[in-house]
Amino acid sequence: MTTTQTLSRAELLKQLRTTHAESVKRAQELLKEQKKMQQELCAVFREKARTVPEAAESTGIPANKVLWFVAAMKKYGVVVEAGMCGDYPLYKKAEEEA
Amino acid sequence: MDNLHMDALVVGGGIAGMQSALDLADQGFQVALVEREASIGGRMITLSKVFPTLDCCSCITTPKMSAVTHHPNIHLFTYCEVQSVQEHGAGFDISILQKPRYVDVSKCTGCRDCEYECPITVPNPFDRNLGAYRAIRVPFSTAVPQKAVLDPEYCLWCGKCEQRCPVDAIDFSQQPETFNIEANSIIMATGFDLTPIETKKEYGGGKLHNVIDPLMMERFLAPTGPYGRVLRPGDGKEPGSIAYVQCAGSRDDTLGITYCSRVCCMYAIKQAMLLNGALPLADITIYYMDIRTFGKGYEQFYQNAKAMGVEFVRGKVANINEDADHNPIVKVEMTDTGEIVERTHDLVVLSQGIVPASRPTVSLPLGSDGFISVPSPDSAPCVTKRPGIFVTGTAASPMDIVDSIVSASAAAAEASAYIRENNGRLEVQKEALYV
Ligand SMILES: Cc1cc2nc3c(=O)[nH]c(=O)nc-3n(C[C@H](O)[C@H](O)[C@H](O)COP(=O)(O)OP(=O)(O)OC[C@H]3O[C@@H](n4cnc5c(N)ncnc54)[C@H](O)[C@@H]3O)c2cc1C
Ligand code: SF4
Ligand code: SF4
């Protein structure tokens, strides 16, 4: 991509952010919340393998929300399953690349 | 885009719409298939296995989706909506809105690099919002077309996807576009929705995390489901006790849905059998008013479920509450004894009924049940009150996949006869008749 192209793309994106100001604001708030939750969950899953209720208790995030995040993080390779503890699957942080 | 001239327009790319399009296209007709979602496949591609054969749903649906895209006589328009339909002689002028994907489909290879790069995670309706994907994504692993789509509702317009895309396919300059199709006939195949869970306040009204809809359970049972196994959404527990509440939204005067939805008994039995395989130690109970197994092989399927140990309890579920651990408590009036019993389960599935999906701007009279009206259901079940417009699948009434396919072929046959009778413009390619 040339510099002029890059510039015009940047302008276009700026314009889109203005046109979609309301949804962008909502999305930014959502992203902020997601980053915070993901950070907290990553920290507890890095420590040791945990079930969803255990991670919920450690972070104070409701268990249904933890499960939703765990499903998302599993899909994108951030956490992996690590066996079962009673009726609950355990999750841990996926191996991090060196 | 110039006006396109087609023999038929099919609205809706579920199993019924795909089958109608294929039947007409095989006869040499030019068919436009318009689907509002970014992929064809409809509900069927989201299901796990089909009753009564327990064949893999994806294995049946994917080849049909592929046949549709590769057929030389089918012109597929995904992520499009019908805006208006005007009568034009014996045919129709249809205005179609192409929603922007913000992705150049001629360049996109479906590699999903953009999806991995996008920072924002959003609920995935393919998994009934229990799973996630990103603001830009390929809709699901077997989507047709296998192309990315960006959701402007969640996009931050940060440009990361654009920088990541190896083939420069992201196009932020795309705008909604309208184009016209002239078609000699229309087939409505817009499908169904579930009766809204919110209307069943006595069953939690959608607020209890461990009371779910049956399409969620289909996703849990599918190999590509959100958790990769059956877990309850409230806290990720593998359920040891699962209950089905039949007629949750059908045969219900209070909701104005007085009809039987035809598929709920069979899908509940199917899911019970699949759960029996996935969770061999789990207790599975089906609370029912009466079991309706009308199709070929269906009664045997029901008997097999009983033999496998699924418990069928005849009773009317009055309400569902939950205990402190969010376990659903089902209050049921036993039909035979009149006794009122409370039972606690780990997970409850509401066998919600079938209602018509929202329809495009084709003004067609509706029946008292809300489905597109068919004046002679006994002799011409696909013929609507508007000459040249036909209806198929669950847009016409609740039905299963087998009946949807039969109905789709019937609608195609009606459309074919109509086109032949009413138009001189029938350069049917003879070779195509013999492929
Ligand atoms: C939980 C559950 C399990 C089931 N299991 C089975 C089973 O095992 N076996 C079986 O035989 N049947 C089963 N069924 C029934 C089966 O799902 C239906 O028979 C079948 O999917 C109907 O297909 P259809 O094409 O009519 O509708 P749909 O699959 O709903 O397709 C309609 C298509 O039209 C599109 N559309 C809607 N409105 C518009 C519009 N305005 N413009 C453009 N496109 C539009 C939709 O996006 C969709 O792609 C089950 C149903 C449920 C609820
Ligand atoms: S838009 Fe680009 S990065 Fe995204 S799937 Fe298509 S080719 Fe891959
Ligand atoms: S521009 Fe939108 S879709 Fe692309 S990466 Fe950013 S948020 Fe995701």
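Readers should treat all values here as calculations from the given coordinates under stated rules, not as data from a laboratory. Since the structure is predicted, the reported quantities are computational estimates derived from the model, not experimental observations. Note that each Cβ is placed from the backbone with ideal geometry, even for glycine, and that neighbours are counted across all protein chains shown.
When the label point is put 7 Å from the Cα of B:C59 along its Cα-to-beta-carbon vector, which residues of the stretch B:371-407 have a backbone N closer than 19 Å?
Label zone hits: B:401-402.
Using the Cβ atoms and a cut-off under 14 Å, what net charge is assigned to the surroundings of B:D290, where Lys and Arg are +1 and Asp and Glu are -1?
Local charge sum for B:D290: +3.
Set the Förster radius R0 to 25 Å, insert the Cβ-Cβ distance between B:E177 and A:K25 as r into 1/(1 + (r/R0)^6), and round the FRET efficiency to 0.05.
0.35
Let me know the Rg and Dmax you get for the stretch B:102-208 when you use only its Cα atoms, in Å.
Cα only, the stretch B:102-208: 17.8, 53 Å (Rg, Dmax).
Semi-axes, largest first, in whole Å: what does sqrt of 5 times each Cα gyration tensor eigenvalue give for chain B?
38, 28, 19
Using a simple charge model, +1 on the beta-carbon of Lys and Arg, -1 on the beta-carbon of Asp and Glu, nothing else, what dipole does the stretch B:113-164 show about its Cα centre, in debye to the nearest 20?
Here the size comes out at about 60 debye.
Across 5 Å bins from the origin, how do the percents of Cα pairs in the stretch B:195-354 run, short distances first?
2, 9, 19, 23, 23, 16, 7, 1, 0
Apply the Debye scattering formula to the protein assembly as shown, with a single equal point scatterer on each alpha-carbon and no solvent, then give log10 I(q)/I(0) at q = 0.06, 0.09 Å⁻¹.
Log10 I(q)/I(0), no solvent term: -0.33, -0.74.
Could you please rank B:T142, B:T337, placing first whichever residue has the fewest other Cβ atoms within 10 Å of its Cβ?
Ordered from fewest to most neighbouring Cβ atoms within 10 Å, B:T142, B:T337 come out as B:T337, B:T142.
With contacts defined as alpha carbon pairs under 8 Å and 6 or more residues apart, what's the relative contact order of chain B in percent?
19 percent
Just list whichever of B:K200/B:K331; B:K270/B:K316; B:K207/B:K306; A:K65/B:K316; A:K32/B:K160 have alpha carbons separated by over 24 Å in the model shown.
Over 24 Å apart, Cα to Cα: B:K207/B:K306; A:K65/B:K316.
How well do other chains shield peptide B:234-241, expressed as the mean number of their Cβ atoms within 10 Å of each residue Cβ?
Counting Cβ atoms of other protein chains within 10 Å of each residue's Cβ and averaging gives 6.
Let a ≥ b ≥ c be the square roots of the eigenvalues of the Cα gyration tensor of the stretch B:113-164; is it rounded (a/c under 1.5), or, if not, prolate (a/b larger than b/c) or oblate?
Verdict is oblate for the stretch B:113-164.
In µm²/s, what is D for chain A at 25 °C and 0.890 mPa s, where D = kT/(6 pi eta Rh) by Stokes-Einstein and Rh is the Kirkwood radius from Cα pairs?
Stokes-Einstein gives a translational diffusion coefficient of 157 µm²/s.
With +1 on each Lys and Arg Cβ and -1 on each Asp and Glu Cβ, and nothing else charged, work out how big the dipole of the stretch B:195-354 is about its Cα centre, in Debye to the nearest 20.
540 debye
What is the list of residues in the stretch B:201-226 whose amide nitrogen lies under 14 Å from a point 7 angstrom out from the Cα of B:L255, following Cα to Cβ?
Of the residues in the stretch B:201-226, B:201-207, B:212-215 have backbone N under 14 Å from the label point off B:L255.
For B:L97, what charge total do you get from the other residues with a beta carbon under 14 Å from its beta carbon, if Lys and Arg give +1 and Asp and Glu give -1?
Summing Lys and Arg as +1 and Asp and Glu as -1 gives -1.
In terms of Cα to Cα distance under 18 Å, which aspartates and glutamates are near enough to B:K64, apart from those fewer than 8 places away along the same chain?
Candidates past the 8-residue exclusion: B:D23, B:D26, B:E35, B:E37, B:D55, B:D400, B:D403.
Farthest toward the dipole's positive end in chain A, which of A:M37, A:Y91, A:G60, given Cβ charges of +1 (Lys, Arg) and -1 (Asp, Glu) about the Cα centre?
A:M37
Taking the Cβ of B:A222 as the centre, find all other residues whose Cβ is under 12 Å away and add up their charges (Lys, Arg: +1; Asp, Glu: -1).
+2
Would the stretch B:44-138 count as rounded, prolate or oblate if I go by the C-alpha gyration tensor, calling it rounded below 1.5 in a/c and otherwise prolate when a/b exceeds b/c, oblate otherwise?
It comes out oblate by the Cα gyration axes.
In chain B, which helices (entire DSSP H runs) extend 18 Å or more along their own long axis, judged by Cα positions, while averaging at least -0.5 on the Kyte-Doolittle scale?
B:57-70, B:264-278, B:401-422
Might you report the magnitude of the Cβ-based charge dipole of the protein assembly as shown about its Cα centre, with Lys and Arg at +1 and Asp and Glu at -1, to the nearest 20 debye?
Roughly 760 debye, rounded to the nearest 20.
Going by how many other Cβ atoms sit within 10 Å of their own, how do B:S261, B:S416 line up, fewest first?
Fewest-to-most ranking of B:S261, B:S416: B:S416, B:S261.
Arranged by the count of other C-beta atoms within 10 angstrom, fewest first, what order do A:K93, B:K201 take?
If I rank by nearby Cβ atoms, fewest first, I get B:K201, A:K93.
How high is the relative contact order of the stretch B:195-354, in percent, with contacts defined as C-alpha pairs under 8 Å that are six or more residues apart?
31 percent
Give the residue from B:P152, B:G89, B:S173 lying farthest towards the positive end of the charge dipole for the stretch B:31-176; charges sit on Cβ (+1 for Lys and Arg, -1 for Asp and Glu) and the dipole is referred to the Cα centre.
The residue sitting farthest along the positive end of the dipole is B:P152.
Could you give the length gained on full extension between B:E421 and B:K306, defined as 0.36 nm per residue of separation minus the Cα-Cα distance, in nm?
My answer for the length gained is 36.2 nm.
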